[in-house]
Structures are given as structure tokens and as C-alpha cells.
Amino acid sequence: MIFSEETAIVTGGASGIGKAVVKTLASEGASTAILDINLQSAQNVAEEVSSQGGKAIALYADVTQPDSMNEAVSRAIDEFGHIDILVSNAGWDEMKPFNDTDPSFWHRVVDINYLGHLAVIKAVLSHMIEHNTGRIVTVASDAGRVGSSGEVVYSGAKGGVIAFTKALAREVSRNGIRINCVCPGLVDTPLLASTTSDNDKIINAIVRSIPMKRVGQPQEIADAICFLASHQAEYITGQTLSVDGGLTML
Ligand SMILES: NC(=O)c1ccc[n+]([C@@H]2O[C@H](COP(=O)([O-])OP(=O)(O)OC[C@H]3O[C@@H](n4cnc5c(N)ncnc54)[C@H](O)[C@@H]3O)[C@@H](O)[C@H]2O)c1
């Protein structure tokens, strides 16, 4: 198994892409801590993993609250002894024109989609540096590479995650830590359903522009994330990988 004896933390692992990552890691032998604000759904995922012979625990944690992240990461380290892999995946958005947004919306989007990555990575980094090893995957978005109409603030935050990932990769390579970024295109998850309910025209137009003419499935993103988190990617760091049916080709 690819992740035999390994341990992982996945933020936003209660749903969508994060849930598929947790299940993939578990099926390949990893023990995983699911950190999410939706504790009930996180517990359901942990139970599903256990019922299939894997190991996962659910912990309440809010990526916008650094103290909450520190506490949950400490509990995961206490439970597993060490952490090999961090998938920083939690995210949120609501589609609306930039002109209809206000500062409280900007803060919410940036707190979750940019500062949230900093909070969980800071909580884990000292531990990885101490052990001189670690693999981190951030989940950004194609919106952060090419911009997305109706998701202007989110695009800026995700662009920040891409640049942050590159800069941190330069800083922590000497500590045996790799960090890469996966950019999903359109993926069939509850987040997509909630952001697109009033925006069918935009979504249909985007799907028509995808060379593969379809949205992605969570498992297709999880497979790319797990590859970058695995020892099969030992010479890859600081990279940005779009998983999007060819929507962007950078
Ligand atoms: N679905 C898409 O089309 C798409 C496209 C590009 C990027 N993404 C990115 O992929 C990632 C996963 O999205 P998804 O589509 O699976 O969404 P999802 O809504 O299905 O899952 C997101 C998870 O994050 C959790 N979460 C939200 N805010 C949180 C917080 N403050 N602290 C901790 N957990 C929190 C939610 O409870 C949920 O379990 C996100 O970063 C998203 O921006 C998704």
C-alpha cells in the first residue's frame, strides 16, 4: 500500500474533494485526522472509513481560528504520534459580482481560502521541521490561475495560495518538506452545487469550454492530491497542478 504506516491531516475532509482524499489515503494504508467545522459529517466519514477496515478520526476545527487549528493538530499528533502528510483543502465561496460584495464578505472569503491555509500549515510545520520530513498539498483553484467571473475575491485568495505554496517550498526544502498545490477546475461537490444554483448559464458556458466537456469527480482530484502527497513524487515541490479536464493549460 502506498501510504502504509503513514499518518495524515485533511482539512475540509467531511465533504467533496476532502472526503475523497480521506477515503483514498485510508484505502492505501494511512491513518487520517479529518479536521472540519462540520463535525457530524466528519464523524460519518470516519465511520465509513472504519467500516471498510481503515483508520480515521474526526476533530472539530475551524481554519479561520488559529487556536482551534493548533488544538486539533496537537490532538492528531497525540493520537498518531507523528504527521507525515497535510492536505490543506477546506474552502468556501458564494458567486456574486465584485460590485455586490462588501468588506465583511471579503474578510470571510480571505479568512477561509487564504489565511486558513496559513493557520493549519503553521500548526503542523514545526512538527515536520523537527522530524525533518513532511509532505503538504494545498488545494487552490483554477480561479487563482486565470481568474473566475463572479468569484473575484475568491480568485485573489486562491492566487495567494499558489504563490504562498511556491515561496514556502523554497523555504522548507532544506527541512525535507515538500509542498505542492492542486487547482481543481469544476468539480461535482456540494460546494459547486451551492455556488451554481443561480448561475446555470455561467456554469454551462464553462462546461462547453472544457475540452473534456464535463465537470470533474472528487475522486479525480483526490488521485492527483494523493500522488503529490506520496513518495512517488519525491522530486516534485513548489508546483501547481490543474486537474480540470483541460480547462486551463498553463
Ligand atoms: N468543487 C469545485 O468545483 C472546486 C473548484 C475549485 C476549487 N475547489 C476547492 O476545493 C476545496 C474543496 O472544495 P469542495 O468542492 O470539496 O467543497 P465542499 O463544500 O464539498 O467541502 C468543503 C469542506 O470544507 C469544510 N469547511 C468550510 N469552511 C471551513 C472552515 N472554516 N474550517 C474547516 N473546515 C471548513 C466544509 O465543512 C466542507 O466539509 C476547496 O478549497 C475549494 O475552494 C473546489
If one takes the longest principal axis of the Cα atoms in the chain, at what angle in degrees, from 0 to 90 and to the nearest 10, does the Cα axis of helix 152-172 lie?
30 degrees
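Past the 30 Å Cα-Cα mark, which pairs from Lys19/Lys122; Lys96/Lys213; Lys19/Lys201; Lys55/Lys213; Lys23/Lys166? Spell out each step's value before the answer.
Values: Lys19/Lys122 22 Å; Lys96/Lys213 24 Å; Lys19/Lys201 28 Å; Lys55/Lys213 36 Å; Lys23/Lys166 27 Å.
Check vs 30 Å cut-off fails for Lys55/Lys213.
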What relative contact order, as a whole-number percentage, does the chain give when Cα pairs under 8 Å and 6 or more residues apart are counted?
19 percent
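Pulled fully out, how much extra length does the chain show between Arg75 and Asp223, if you take 0.36 nm times their separation in residues and subtract their Cα-Cα distance?
Details: separation 148, 0.36 × 148 = 53.28 nm, distance 2.68 nm.
Taking 0.36 nm per residue and subtracting the Cα distance, the gain is 50.6 nm.
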Mind checking the dipole of the stretch 1-90: about its Cα centre, +1 per Lys or Arg Cβ, -1 per Asp or Glu Cβ, Debye to the nearest 20?
220 debye
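Restricting everything to alpha-carbon atoms, can you work out Rg to Rh for the stretch 76-164 with a Kirkwood hydrodynamic radius?
Numbers: Rg = 15.2 Å, Rh = 14.1 Å.
Here the Rg-to-Rh quotient is 1.08.
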Within the set Gly13, Gly147, Gly134, GNM on the chain using Cα springs under 10 Å gives the largest fluctuation to Gly147
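Per residue of the chain, what 222 nm ellipticity follows from adding -39500 (n - 2.57) for every DSSP H run with n ≥ 4, rounded to the nearest 500?
Values: 10 runs with 118 residues, N = 250.
Value at 222 nm, helices only, nearest 500: -14500 deg cm²/dmol.
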Kindly give the semi-axes, whole Å and largest first, of the ellipsoid equivalent to the stretch 198-250, taking each as the square root of 5 times a Cα gyration tensor eigenvalue.
28, 12, 9
Projected convex hull area of the stretch 99-151, Cα atoms, direction-averaged, in nm², equals 4.7 nm²
Reported to the nearest 10 Å², Ser15 has, with a 1.4 Å probe, an accessible area equal to 50 Å²
Once phi is turned into θ = phi - 60°, what whole-Hz ³J(HN,Hα) does the Karplus curve with 6.51, -1.76 and 1.60 give for every residue of the stretch 128-141, x standing for Gly and Pro?
5, 4, 4, 8, 6, 6, x, 9, 10, 10, 9, 10, 9, 5
With R₀ set to 25 angstrom, the calculated FRET efficiency between the beta-carbons of Gln239 and Asp188, to the nearest 0.05, is 0.50
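For the chain, which whole percent of the accessible surface, found with a 1.4 angstrom probe, sits on carbon and sulfur atoms? Present the calculation step by step, with values, prior to reporting the outcome.
On the way: 5880 of 11490 Å².
Using a 1.4 Å probe with all protein chains present, the chain comes out at 51 percent carbon and sulfur.
Can you give the charge dipole size of the stretch 173-250 about its Cα centre, rounded to the nearest 20 debye, using +1 on the beta carbon of Lys and Arg and -1 on the beta carbon of Asp and Glu? Please report the intermediate quantities before stating the final value.
Details: 6 positive and 7 negative charges, 39 e Å.
Charge dipole, the stretch 173-250, about its Cα centre: 180 debye, nearest 20.
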Per GNM of the chain with C-alpha springs under 10 angstrom, the most fluctuating residue out of Arg214, Arg174, Arg135 is Arg174
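Over the stretch 8-48, what is the relative contact order in percent, taking alpha-carbon pairs closer than 8 angstrom and at least six residues apart? Provide the component values of the computation, followed by the final result.
Working: 55 pairs, mean separation 18.9, N = 41.
It comes to 46 percent, rounded to a whole number.
So what is the relative contact order for the stretch 60-171, in percent, with contacts set as C-alpha pairs under 8 Å and at least six apart?
Details: 139 pairs, mean separation 36.8, N = 112.
Relative contact order of the stretch 60-171: 33 percent.
Take the alpha-carbon positions of the stretch 14-57, form their convex hull, and give its projected area averaged over all directions (one quarter of the hull surface) in nm². Mind showing how you got there, number by number?
Details: hull surface 9.7 nm².
Taking a quarter of the hull surface, the average projection is 2.4 nm².
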Relative counts (whole %) of C-alpha pair distances in the chain, using bins that are 5 Å wide:
1, 7, 14, 19, 21, 17, 11, 6, 3, 0, 0
Could you give P(r) for the stretch 138-250, binned at 5 Å from zero, as whole percent values over all Cα-Cα pairs?
2, 12, 20, 24, 19, 11, 7, 4, 1, 0
Residues with amide H under 5 Å of Ile136's amide H, sequence separation 5 or more or different chain, H placed in the peptide plane at 1.01 Å from N; which?
Leu86, Arg178, Ile179, Asn180
Show the residues, 5+ positions off or on another chain, whose built amide H is closer than 5 Å to the amide H of Ser242.
Cys183
Scalar couplings 3J(HN,Hα) for the stretch 34-44 by Karplus 6.51 cos²θ - 1.76 cosθ + 1.60 (θ = phi - 60°), nearest whole Hz, x for Gly and Pro, are 9, 10, 7, 6, 9, 5, 4, 5, 5, 5, 4
Find the accessible area per residue for the chain; the probe is 1.4 Å, ligands and nucleic acids are left out, and the unit is Å².
46 Å²
Between Thr32 and residues 5 or more places away or on another chain, which pairs have amide H atoms under 5 Å apart, with H built 1.01 Å from N, and which residues are they?
Ala8, Lys55, Ala56, Ile57
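The values are calculated or read from the model by the stated rules, or taken from the named source; none is laboratory data. Since we're looking at a predicted model, the values are computed, not measured. Cβ coordinates were reconstructed from backbone atoms using ideal geometry, including for glycine residues, and neighbour counts include every protein chain displayed. Surface areas here come from the heavy atoms of the whole protein model, side chains and all, with no ligands, DNA or RNA. Shrake-Rupley method; radii C 1.70, N 1.55, O 1.52, S 1.80 Å.
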